[in-house]
Each structure stands twice: as structure tokens, then as C-alpha cells.
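S.K.: Below: one structure in C-alpha cells.
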Amino acid sequence: MQNYLSGLNDQQRIAVEHVDGPIMIIAGAGSGKTKVLTTRIAHLMKNGVDAFNILALTFTNKAAAEMKERVEKALGNTEARNLYIGTFHSVFARILRGEATKLGYPHNFTIYDTDDAKSVIKGIVHEMNLDDKHYKAAYVYNRISAAKNSLIEPAMYKADTSIQQEDARTTRPLIGDIYEAYSKRCFKNGAMDFDDLLLKMYMLLTHFPDALAKYQGRFHYILIDEYQDTNLAQYAIIKMLGARHENICVVGDDAQSIYSFRGATVQNILQFQDDYEDVKVVKLEQNYRSTQTILNVANNVIGNNKNQIPKELWTSNVEGEKIILARTMTDNDEGRFVADAIKEQQMRNHYANKDFALLYRTNAQSRSFEESLRRMNIPYRLVGGTSFYQRKEVKDYLAYLRLVVNSQDEENLKRIINYPARGIGKTSIEKILVRANELDKTFWEVIENPEMSGIHSSQLEGFVTMIKSFRTMLEKHNAYDVAFAVGKHTGLVQELYNDKSVEGLARYENVQELLNSIKEFTETPDEEGELLDKSLGSYLQQITLLTDADKNNDQDADVVKLMTIHSAKGLEFPCVFVVGLEENLFPSSMSLYDRADLEEERRLFYVAITRAKDRLWVTYANSRYRFGSLVQNDASRFIEEIPNTYLDKTFTGASNRPAPGGFGNMLNQQFDKMPSLKKLADKLATATPPAHTPSAGFAADDVSGMTVGMQVEHQKFGFGKILTLEGGMNNRIAGIDFGTTHGIKKIMLNYAKLRIVK
């Protein structure tokens, strides 16, 4: 037996040794697909196939480099360097360099990255005298990108009725003209963007038969990794390149197809057997990553999809712990639960920080977890995203709020004085800065007193008046009221709302999450229902302390990882928390009316589950703030698809305090082992005045019937008299005089338990 074949299980070996003809390898999560793919390449070369005749396509440069390295190691020579291994874009760019003149491009054509492309589009929008706030470069770029990945050229775009209706619906009927002008500009500049590398490769093969014959003859064997993630353009190119020899090997897992928003279509892998005759199908179902319990959960969840290739993951690993299902009252409680659970696992099972991952549906969810981890001094890093409070749109909003509180904050003033755009250009700002330095005044003093500086501008005067109007709200309004007014009257929220691109929607969600956190700050009392300082200044002080974290760029650092599930694909961790399992969040509300969309959401949950090696938590919150309102949530339908036999429901009770065996109980056990500390604590406890003892049979009454002058009893503060009542029925605040012991307290009636004294 050849050495490079050692270590393969039976199914892996079948996949490797099948040389000629089409083969589809369904590689379940953690089943060793990279090992199979690289060993298969080595096997082809061992059996006389020239490296120059093998094409292997991946989705990441890291995967391509790893494949080459493994093949070289398996063969013990450097022949692997002659392989065409790389990402779709890198391999096609390499081919197009040699064939560019056929398409009218120079051999050394420029490749525009996303920012370059958006810059060109922005210039074209300006030249066409269009509103760049409406025809935003990011939105237009995404429309053009989607068209190219669907093999739609400008003329086809403009002629397609459904596309034109969609653009008309969004009141952007001229995107087709921008696309046409953009294509001409790129061609004139001798440039291709990222998507052109696919579109132009397709055009090369369809318009030039000699080029098609050349590359069909060169690539006798084609291997495609992550085939479930291919789009229409990639599918069409592969189909053409492999048409002569049909030695096509696709490796993937339909259950992990989660990138439809990028144009990927799961149908490519589902219909592979219809595209070729006598397709060999090999299923890799043995998982080397997870416990059997985790795999049982994954199998049961994905089994609810109708459109799939059936498979059943199994492992020779241990049965493993049950999956912990946790229900919390709020999203902040959810964050605290996760932080507590991490601490407990570290103490109980000696896990390192890097052994934990928190996976969520959208980046906007990271806020409550970041805050809880910071409070517990647990180091963490966001993967594939920016820390919530470091995201541009959040920093812009906070810059306004900080300026309202402190007008002398020059850095924040410069950041937002012309955002959203209000006609105050860089030249004007530079003049103001120069004048401020000459007069030894602050930036704000100069724009507030134009007679002092001699700089007059209606735009500046309007800006100053607006900021002053916000400042007048500080004494009489809480943090949320001021923040809401800022978002509304500056146009900042509307600016983000108008951007309907994927990135734009994410930015809008992030500012809504910021408002949610402020709303929760203003409405959440302490444990006894007492309202604390809810001013904007108090909120900003809290946020400033939370966000002053050290940066660490060491990728191998011992930190907890926070990421979206999309970012987690291909990764694995000993301990995984899948959070926010609520209807309308996960699955997303936008997926509930289409089976294909809902099944992709379920595949996303499947991917999240199968990232876990040893332990898995699934959490959800009864309520969370969304768009400034406290929303009551139902548990995700995906939770109902997990059989009870695999679930530990200890943490699904109404109480948010740790259940027996939880972190709090564990600390008590540790505390009891330290007599000196326990003795000190007992002494302090006896020195503390006893709390009010509730009356026998104490039961909270309906708060809706409470009126000014009524005598009430509070569980902690004792007996008191209601002096004032403020707010609506859902957020009534009572001013209650509890006498000389506790004085007058402001109590949120929905949170505090009060008994009416008859």
C-alpha cells in the first residue's frame, strides 16, 4: 500500500482511488475533505497524470496553499508547483493574462479591488449629474457585481424587463446606464474588477473556440472544493472546461451552502448528477471533530430540509455532554449568561479563552456579549468584523452625542460637521482651524461666533443651531430621548436607512442596536427597581470605560472569538455558543416566506452546530430591544427541531440566577473551602442592617390600579406613599416616599413588586 494512502477510511479511499469519470464527494462537516482532495491529487500524479493537466479550484488562497503543501509532502517532490491550484479568481486571472488581447485588454491589465471599483462608479455618478446619496456607489457596485456573477452584460441588463422593474421599484432606473458607462471606463483604462475575472473568462471560452479547445485539452482533470458555494458564472465555466474529458471531481456539502447572498446556488451541487452520466457519488459521513450528541443534533435539524442530499454524520468519538439550552429574560442577560458559563468552564474543565467561540446571526448582536466579557475581564476578539463601538456608523453617532455633551470636543466635531453632507467642505474646515489657532479659540467658539472670526456660512449657522437645540434637551430628557432626536434631526439614521445594499442594511442595524442599548440603559433599573442616573452624560461615561480596550493583533492570542456564523464556516472550537435563537432573528424575518430562504437559514444553523467539538450551548432571550422598542420573542423554530433527549434544559427557567451546578454555585463551593474569608464575610453580613421583612402573605398587586396618595409596601424599602406618577402604562415611574430610612425613591412599576396597603 502506498504510504500517502495510509490513514484513509474506506469511503475516503474510494473517493481518492476513483480516477476517471465524474465524481461527487459529499463531505460532511469535519469529515476530512481537504485530506481527501489533496490525497486524490497526489494519487492522480502517482498514476502518471501530468501536474500541468490538473486544475484544482478553491475559494481561499489559504486553502490553495495548504493543498499544494500537502501534495508536495505526499509526493516527496516539487512537481506540485506545476499544478494549477488556486482560487477561481487567481487561476482565471493567470489564464486571462495570456489571452487578454483576444478580449481587447493589454496583458498587464489592472485588477480593480472593491474600493477602486466604487471610486470609478462614484465618478460616473457625478459625471451623469445624479444624486450620489441616492445612487450610492456601494449599492450600484453590488447590483453590477450580482449581474456579472449571473453572466449578465450591460446590454442584457438594460434589456431585461424584470431587472428594470426592480431598479424602477427602488427608484434607481439608471443603474443600467451606469453599468454600461462603468464597463466602458474599465475597458478604456485597461482594467478588470474582481467580478470581471469570472465574466471575461466566460466570454473568452464562449467567443473564442480556439481558447476553449486549448484549455479543454490542457485540463484533463478538474477538482473543485466547496462546490456548494459556486455561482452561475463559476458553474458555467467549469461545465465548459470539463466538457471534453468529463473528469470532474466536485467536493462539497449541500448542507453547508450558506452564501446565496453572494450569488452562490445550492442547485449546482444538487443537480450535479443530472449534468453528467454515470456520476460516482461518495459520501464522507464519518466525522472526526465532534461528539456523537452534537452530530445527532445536527442530523435532526438538517433532516427537516426537503431540498438536500441525505446523509447521516457519525463518529467514533465519545457520546459527549448534552447540548445546553438557555433561555434568558433579555439580551443583556444572555450576554451575562455566556460570560458566566465561560468562567465556569474555565474553572471546572480548565479550558483556555481561545477554546470558546460565540456565533451569532448578525454583527449587530455582538454588543451585549462584548460588554459582559469586558465586565468579567475575559479577553476576546471579533473575527471578520469590527468591534461594535469601533464601527464607523456607531462612532459617527457617538461623535454627535459627545459633541452635544461637550462642545469643546474638537475631534468629534471635525468628524461629523459635514456628515451627513451639509455643504461644509474640507476647505472651509481648514480655514476655520487656521482662524481658531490664530485667535487661540476652540473650533466650536469660532463657528458659534462668526463675527469673531469673520467666517460666515448659512450651513455652519444651521449646524450650530441644531447642536444647541440638542443641548437644551440635556437637563429635562434622558439619554435615549436626546439620542433619538440627534439621529432623526441630523439625518444620520435616514442616511443609513436609504442605503439598501447588504452593507448598508448592516450599518443601519448597527445604529439601531446602539439606540437599543441606550433605550435599555434608560429603562433598566437596578435589582430593586430603583432608577439611577439616566442622563446622556452618564451613558457616554459608561460606554467610554467599556470601549477603552487594548488592541492585540496576534492571531493565535488566547482570546474568546466572536463572529457571525458565516465567518465561522471552516473553523472549529472545543466550546461553541450559538446565540440569539429567536424567531425573526434566526431564522431571519426575511426568510420566513420562502422555502429556499428558510432552508438556507437552517443550513446556517447546521454549520453553527457542527463548529463545536466538545460542548455546545444554544441560547435565546425572551426580549430584546429592536429599533428602539422592547420586543417579546418566541424561541426559534430550529430549537423545536432538536429532540429533548439531547438537551439540558436546566437554564430555561424564568430565573436568571445560575441553576444548581452553575457558576454562582461553584463560587460558593470554592468560598466554603476558604474559612478565613467565609468568617470575614459572616462578620460583615451581621454588621449590615437587616433588610425590610415583607408582611406575611406578601403578594405583588396590579400596578395599573395604583394612584397618587396610595400607601404601598416594597419588598426591600418597606412601607411608603406614592407622591407622583409619570410616563405611560408600559413605563410608569412612581415617586415613593419611604420615610427616613430610604427617603424618596423613583420606582419603575413594571419591575418592582409592590403591595397596596389596605
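S.K.: Restricting attention to segment 460-507, which residues are in a helix (DSSP H, G or I) and touching an Asp or Glu at 6+ places or on another chain (Cβ under 7 Å)?
M.R.: V464, L492, L496, R507
S.K.: Please find, among L581, L585, L598, L571, the residue that is at pLDDT 90 or above, among the aliphatic types (A, V, I, L, M) and touching a Pro at 6+ places or on another chain (Cβ under 9 Å).
M.R.: L598
S.K.: Report every pair of residues separated by at least 6 positions or lying on different chains whose Cβ atoms are under 9 Å apart, first residue within segment 294-315 and within 9 Å of G28 (Cβ to Cβ) and of a type in the set (D, E, K, R), second open to solvent by 30 Å² or more (accessible area, probe 1.4 Å) and not in a loop (DSSP other than H, G, I, E, B).
M.R.: Here the result reads K311/K283; E312/K283, each pair linking segment 294-315 to a residue that is open to solvent by 30 Å² or more (accessible area, probe 1.4 Å) and not in a loop (DSSP other than H, G, I, E, B).
S.K.: If you go through segment 132-152 one residue at a time, how many are touching a residue at least 24 places away in the same chain (Cβ under 8 Å) and not in a helix (DSSP H, G or I)?
M.R.: So the answer is 6.
S.K.: Confirm whether A155 is within 30 Å of A243 (Cα to Cα), of a type outside the set (K, R), open to solvent by 70 Å² or more (accessible area, probe 1.4 Å) and in a helix (DSSP H, G or I).
M.R.: The answer is yes for A155.
S.K.: Looking at Y389, is it buried (at least 17 other Cβ atoms within 10 Å of the Cβ) and at pLDDT below 90?
M.R.: Yes.
S.K.: Of all residues in segment 409-431, count the ones that are acidic (D, E) and under 15 Å from E448 (Cβ atoms).
M.R.: Number satisfying all stated conditions: 2.
S.K.: Among the residues of segment 572-587, which ones are under 15 Å from the mean Cα position of the chain (by Cα) and either open to solvent by 20 Å² or more (accessible area, probe 1.4 Å) or among the aromatic types (F, W, Y) (or both)?
M.R.: F577, F586, listed by residue number.
S.K.: Condition check: touching a residue at least 24 places away in the same chain (Cβ under 8 Å) and more than 31 Å from the chain's Cα centre (by Cα). Does D253 satisfy that?
M.R.: When the stated conditions are applied, D253 does not pass them.
S.K.: Go through segment 131-152 residue by residue and tally those that are among the aliphatic types (A, V, I, L, M), buried (at least 20 other Cβ atoms within 10 Å of the Cβ) and under 24 Å from the mean Cα position of the chain (by Cα).
M.R.: Going through segment 131-152 one residue at a time, the tally reaches 3.
S.K.: Out of R348, R289, report the one residue that is assigned to a loop (DSSP other than H, G, I, E, B) and either farther than 20 Å from L616 by Cα or open to solvent by 30 Å² or more (accessible area, probe 1.4 Å) (or both).
M.R.: Result: R289 is the single residue among R348, R289 that is assigned to a loop (DSSP other than H, G, I, E, B) and either farther than 20 Å from L616 by Cα or open to solvent by 30 Å² or more (accessible area, probe 1.4 Å) (or both).
S.K.: Considering each residue of segment 81-98, count those that are under 22 Å from Y227 (Cβ atoms) and not hydroxyl-bearing (S, T, Y), and give that number.
M.R.: Number satisfying all stated conditions: 10.
S.K.: Here is a further query. Out of D229, D196, I need the residue that is charged (D, E, K, R) and more than 18 Å from L270 (Cα to Cα). Which one?
M.R.: None of the other options fit; the residue is D196.
S.K.: Taking the residues in segment 597-622 that are open to solvent by less than 10 Å² (accessible area, probe 1.4 Å) and in a strand (DSSP E or B) as candidates, determine which candidate is nearest to Y480 (Cα to Cα).
M.R.: Result: A621.
S.K.: Does G487 qualify as being within 18 Å of L413 (Cα to Cα), touching a residue at least 12 places away in the same chain (Cβ under 8 Å), surrounded by fewer than 14 Cβ atoms within 10 Å (Cβ to Cβ) and out of contact with any strand residue (DSSP E or B) (no Cβ under 8 Å at 6 or more places or on another chain)?
M.R.: No: the conditions fail for G487.
S.K.: Looking at (1) out of contact with any Gly (no Cβ under 9 Å at 6 or more places or on another chain); (2) at pLDDT 95 or above; (3) β-branched (V, I, T), which one does I258 not meet, given that it meets all the others?
M.R.: The failed condition is (2).
S.K.: Give segment 453-465 a look and list any residue that's over 38 Å from the mean Cα position of the chain (by Cα) and either surrounded by 13 or more Cβ atoms within 10 Å (Cβ to Cβ) or hydroxyl-bearing (S, T, Y) (or both), or say none.
M.R.: S453, I455, S457, S458, E461
S.K.: Same structure again: Condition (residue is among the β-branched types (V, I, T), part of a helix (DSSP H, G or I), modelled with pLDDT of 90 or more and open to solvent by less than 50 Å² (accessible area, probe 1.4 Å)) applied to segment 261-273: is it met by at least one residue?
M.R.: yes
S.K.: Restricting segment 322-345 to residues that are hydrophobic (A, V, I, L, M, F, W, C) and part of a strand (DSSP E or B), which is farthest from D648 (Cα to Cα)?
M.R.: Out of the qualifying residues, it is M329.
S.K.: While we're on this one: Give me the residue from segment 113-130 that is hydrophobic (A, V, I, L, M, F, W, C) and in a helix (DSSP H, G or I) and, out of that set, most open to solvent (accessible area, probe 1.4 Å).
M.R.: V120
S.K.: Pick out the one residue from S372, S407 that is among the hydroxyl-bearing types (S, T, Y) and either under 30 Å from P574 (Cβ atoms) or part of a helix (DSSP H, G or I) (or both).
M.R.: S372
S.K.: Among the candidates I163, I222, I178, which residue alone is open to solvent by less than 30 Å² (accessible area, probe 1.4 Å), under 22 Å from L505 (Cβ atoms) and at pLDDT 95 or above?
M.R.: Sole residue among the options that is open to solvent by less than 30 Å² (accessible area, probe 1.4 Å), under 22 Å from L505 (Cβ atoms) and at pLDDT 95 or above: I178.
S.K.: If you scan segment 204-221, which residues turn out to be free of Cβ contacts under 8 Å to residues at least 60 places away in the same chain and either outside any helix (DSSP H, G or I) or touching a Ser or Thr at 6+ places or on another chain (Cβ under 9 Å) (or both)?
M.R.: Correct list: L212 only.
S.K.: Out of E513, E503, report the one residue that is surrounded by 15 or more Cβ atoms within 10 Å (Cβ to Cβ), acidic (D, E), in contact with a helix residue (DSSP H, G or I) (Cβ under 7 Å, 6 or more places away or on another chain) and touching a residue at least 24 places away in the same chain (Cβ under 8 Å).
M.R.: E513 is the lone residue from the list that is surrounded by 15 or more Cβ atoms within 10 Å (Cβ to Cβ), acidic (D, E), in contact with a helix residue (DSSP H, G or I) (Cβ under 7 Å, 6 or more places away or on another chain) and touching a residue at least 24 places away in the same chain (Cβ under 8 Å).
S.K.: Could you look through segment 358-369, keep only residues that are part of a helix (DSSP H, G or I) and of a type outside the set (S, T, Y), and pick out the one that is most open to solvent (accessible area, probe 1.4 Å)?
M.R.: N363
S.K.: Return the total of residues in segment 158-201 being part of a helix (DSSP H, G or I) and touching a residue at least 40 places away in the same chain (Cβ under 8 Å).
M.R.: Within segment 158-201, residues that are part of a helix (DSSP H, G or I) and touching a residue at least 40 places away in the same chain (Cβ under 8 Å) number 14.
The values are calculated or read from the model by the stated rules, or taken from the named source; none is laboratory data. Computed from a prediction, not measured in an experiment: that's the story for all the values here. Neighbour counts run over all protein chains shown; Cβ positions are idealised from the backbone, glycine included. Keep in mind that these areas ignore ligands, DNA and RNA; they rest on the heavy atoms of the full protein, side chains included. Shrake-Rupley method; radii C 1.70, N 1.55, O 1.52, S 1.80 Å.
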